[in-house]
Amino acid sequence: MKLKAQFIVFLAVLLVLAVFAAACGQSNTGTGTPPEEQKPAPTELKLATTTSTHDSGLLDVFLPAFEAKFNYKVSVISMGTGAALEAGKRGDADVVLVHAKATELQMVQEGFFVDRHDVMYNDFVIVGPADDPVGIKGGKDAAAAFALIAEKQAIFVSRGDDSGTHSKEKSIWKKAEIEPKGNWYQSVGQGMGDVLRMTSEQKGYTLTDRGTFIALRDSLNLEAIVEGDQALFNQYGIMAPNPDQHPNIDFEGATALIEYFISDEGQEVIAGFQLNGEQLFYPNAQ
Amino acid sequence: MHIIWMSLFVSGISVFLASALGIPLGTWLGLLPAHRVRWAAQIIYTLMGLPPVLAGLLIYLLLSSSGPFGVLKLLYTPWAMVVAQTVLAFPIVTGLTMIAVRSKDKEIRDTAVSLGASAWQSALTIVREARLAIVGAVVTGLGRLMAEVGAVMMVGGNIEGKTRVMTSAIVLETRRGNFEMAIGLGIVLLVLAFIINSCLYRLQGVPRN
Amino acid sequence: MNEAILELDSLVKRFGSRDVLQVERLVFQKGRIHGIIGPSGSGKSTLLRILNLIEKPSAGRVFFHGQDISLNNGRLAVQRRMAMVFQKPVMFNTTVFENVAYGLKVRGLRGPALRDRVRAELKTLGLEQLENQAARTLSGGEAQRVALARVLVTDPEVLFLDEPTSNLDPHNAALIEAMVRSVSRERGFSVVLVTHNIFQARRLTDWLSFLYEGKLIEEGPTPEILANPRDERTAAFVRGDTVY
């Protein structure tokens, strides 16, 4: 008797919730086309990207340009490259903008993503204290500089978070044929800003993207020590999750954003973006 | 499994230090008339909700090599995490002890005093009668510390094999996209919390009849 | 038997701006069971707490054996010659034995002497089988008997009882009353009993003071007050007209 009553209450609650959900859905489409406005409210587009891209401020310039032309509102979710790729793979984002070209291409091959394009590149810098105790300042060879840091056991702070920067760092250690280990090598699993702060505090060395470094340079006791090596270039790519796997993503919007990133107009916006008077990103879409 | 040990070490020492300071202070405040310690109580209650990252930031600025205690070279060591976590746990232990003592204060004190207890003896009696709630305060503090990530990450640096603890490892694995690993660590953390709470609960000596 | 053990002189107790107690003069004779009656809120309990030095008077003086004890020096020594049983017994969260031992322990007694005295007191009150029970698990009647044992073991000169049976059933109330009567006769200590129960006052007390809205209205030997109250308010209370 009592059970039955509970069941009926349960059903009633479900029903009310369903009605609410339906009403909400309706009102959404209703407000989507207000009669007095010609343009419908913009659709939300979720862009998963790396913290370094987001922190540089590029998107704050780029996305308004896109939104002015197309009827989308882009929400930026910034995280590590690993997490950004995972978010795309799970269909939690509509577009992914990251910098780990080898992994990206592999994931496209595995069918998780489609429409991958090179967008731009920036470069990495090895930074360290001004007095440069290891004596690698002005060098052009990143791998050789790493080898000297390891040899002198100077403190090196590593992102250690499978981010694009971390991948780049690992590739340089590989090139130098060194397995970094020991007290001097600190794998901290934090964002670029935190890593730079820790490096500065401990008068150590680290590998950073130029954008974050320029943005934070004034609050750090660090200088660019090694730059300009081909191995330090960093390719950014954009792609969309496979719409066959995730029918719920906004593939149309994703395509629009990808197209805009690689269009002449989009590429010009990238080239024109400056931070503290320095160009950070070099467009290279084909 | 260095991170498990490090979590226990840092949070354990911190809650011990916070209790060593907070239980006497909380008892003292709890025994004074409520209207006379109103301001102190409000400050403590506010600090009980101190955001860990704010505590972390303050300790960071103090311990930074350009800060006043930079010469101690504590930043990015487990001891920096102990300092930050002690700061976080201290108001919690103090505040909850104060509440526990106050809730027992009047009737226990009247009884003790009418039985001939001195001021000091009746205070001790009140603490003894409030021991369940005081142990609860310590457990609450420990729980908050074990679950805390903002402060330890900022002042400890999350250095692998040195200052990485369970919570900062979870943050890292989540950021890496290794959700399974993050969840696994989370389960270990919960199991650990359960074991510690069970032990402390036994320690409370809950009467079984 | 005309020796005063406690005296109040021009006593005032204020809570905020409200005078809850205003007693010109009140004398407690040694060896008596002195009842204080009056409706709720008449200041009876506050009076008792002031006598037991738990609370300080706002003005006026309290004498114990003719000595002014409201000055607050040597409070502890005086307090250890008195004891109080509250309306609601508060048990320490430990065994019955430890509860009864408390008053002796704070006086520095230890070892076999302590144990013997506690056991003897438990026996007197018929509580010996409860010795090792957790005090928080006692029934209301048992708890009040333990509370009585707890104060009696300290051998007080004055025993204060604040509505000791108002939370008890008639059987347990009668038990407590019987114990108070027999033990006080045997040991010869004085009792101050606060009650609003006129029948209890009739059964137990030798002398009655009637308190109304913080003021002493009248007092006298119990049979006299109950039979011929002079003041109309006392009469109403004794008749049972006063709502409390």
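The values are calculated or read from the model by the stated rules, or taken from the named source; none is laboratory data. This structure is a prediction, so every number in the text was calculated from the model and none was measured. For neighbour counting, all protein chains shown are included, and Cβ atoms are generated from backbone atoms with ideal geometry for every residue, glycine included. When the accessible area is computed, the model is the full protein with side chains, heavy atoms only, and any ligands, DNA or RNA have been set aside. Shrake-Rupley method; radii C 1.70, N 1.55, O 1.52, S 1.80 Å.
Miscellaneous remarks
- Calculated FRET efficiency for the pair C:Val27/B:Ser103, C-beta based, R₀ 51 Å, to 0.05: 0.85
- Under the simplified labelling scheme, the B:Leu57-B:Ile195 pair shows an inter-label distance of 3.7 nm, with each label point 7 Å from Cα along Cα→Cβ.
- Computing FRET efficiency as 1/(1 + (r/R0)^6) for A:Ala65 and C:Glu128, where r is the C-beta to C-beta distance and R0 is 60 Å, gives about 0.05.
- For the stretch B:87-184, a Kirkwood hydrodynamic radius built from all Cα pairs, placed in the Stokes-Einstein relation at 4 °C and 1.567 mPa s, yields a translational diffusion coefficient of 80 µm²/s.
- For chain C, lysine pairs with C-alpha atoms less than 17 angstrom apart, excluding pairs fewer than eight positions apart on the same chain, total 6.
- Cubic angstrom per residue, convex hull over Cα atoms of the stretch C:4-239: 124
- For C:Trp207, the residues whose modelled amide H falls within less than 5 Å of its own, excluding neighbours fewer than 5 places apart on the same chain, are C:Ile33, C:Gly35, C:Thr222.
- Coil-residue trypsin sites (Lys or Arg not before Pro) of the stretch C:208-240, DSSP, other Cβ within 10 Å capped at 14: C:Arg230
- Averaging the sequence gap over all C-alpha pairs within less than 8 Å and six or more residues apart, then dividing by the number of residues, gives chain C a relative contact order of 27 percent.
- For the stretch A:94-174, the ratio of Cα radius of gyration to the globular rule of thumb 2.2 N^0.38 Å stands at 1.38.
- Solvent-accessible area per residue for the stretch A:124-232 (1.4 angstrom probe, square angstrom): 39
- Per-residue Karplus couplings for the stretch A:275-285, computed as 6.51 cos²θ - 1.76 cosθ + 1.60 with θ equal to phi - 60°, are listed in order as 10, 6, x, 10, 6, 9, 10, 10, x, 8, 6 Hz, Gly and Pro entered as x.
- Nonpolar atom fraction for the stretch C:8-110, defined as the carbon and sulfur part of the 1.4 Å probe accessible area, stands at 47 percent.
- Residues of the stretch B:166-182 buried by at least 20 Å² on assembly (accessible area, 1.4 Å probe, chain alone as reference): B:Leu172, B:Arg175, B:Arg176, B:Gly177, B:Phe179
- Relative compactness, the stretch A:124-232, computed as alpha-carbon Rg over 2.2 N^0.38 Å: 0.92
- Quotient of Cα Rg and 2.2 N^0.38 Å for the stretch B:2-165, N being how many residues it contains: 1.18
- Net length available on complete extension from C:Ser58 to C:Arg230 is 58.9 nm, with 0.36 nm assigned per residue and the Cα-Cα distance removed.
- Annotation for the stretch A:152-226: trypsin sites (Lys or Arg not before Pro) lying in DSSP loop with at most 13 further Cβ atoms inside 10 Å of their Cβ are A:Lys181.
- With at most 13 other Cβ atoms within 10 Å, longest stretch of chain A clear of loop GluC sites (Glu not before Pro) (DSSP): A:178-286
- Between helix A:58-69 and chain A there is an angle of about 40 degrees, using the helix long axis and the longest principal axis of the Cα atoms.
- Kirkwood hydrodynamic radius (C-alpha pairs) into Stokes-Einstein, chain A, 25 °C and 0.890 mPa s, D in µm²/s: 116
- Counted over all Cα-Cα pairs of the stretch B:8-97, pairs farther apart than 18 Å make up 49 percent.
- For the stretch A:89-94, Karplus couplings with θ = phi - 60° (6.51, -1.76, 1.60), whole Hz, Gly/Pro x: 4, 8, x, 8, 9, 8
- Relative contact order (percent, whole number), the stretch A:187-286, Cα cutoff 8 Å, 6+ residue spacing: 20
- Contour excess over end-to-end distance, with Cα ends at A:Ser219 and A:Lys73 and 0.36 nm allotted per residue: 49.2 nm
- Spatially proximal lysines relative to A:Lys181 (Cα-Cα < 21 Å; intrachain offsets below 8 disregarded): A:Lys152, A:Lys168, A:Lys170, A:Lys203, B:Lys162
- Estimated D of the stretch B:98-143 in µm² per second, where Rh is the Kirkwood radius over Cα pairs and Stokes-Einstein applies at 10 °C, 1.306 mPa s: 146
- Distance between the 7 Å Cα→Cβ label points at A:Asp131 and A:Phe233: 3.7 nm.
- Measuring r between the beta carbons of C:Ser10 and B:Arg202 and using R0 = 56 Å, the FRET efficiency lands at 0.50.
- Qualifying chymotrypsin sites (Phe, Trp or Tyr not before Pro) in the stretch A:196-271, DSSP loop, other Cβ atoms within 10 Å at most 14: none
- Between B:Ile4 and C:Asp206, the simple spin-label model (points 7 angstrom out along Cα→Cβ) gives 7.4 nm.
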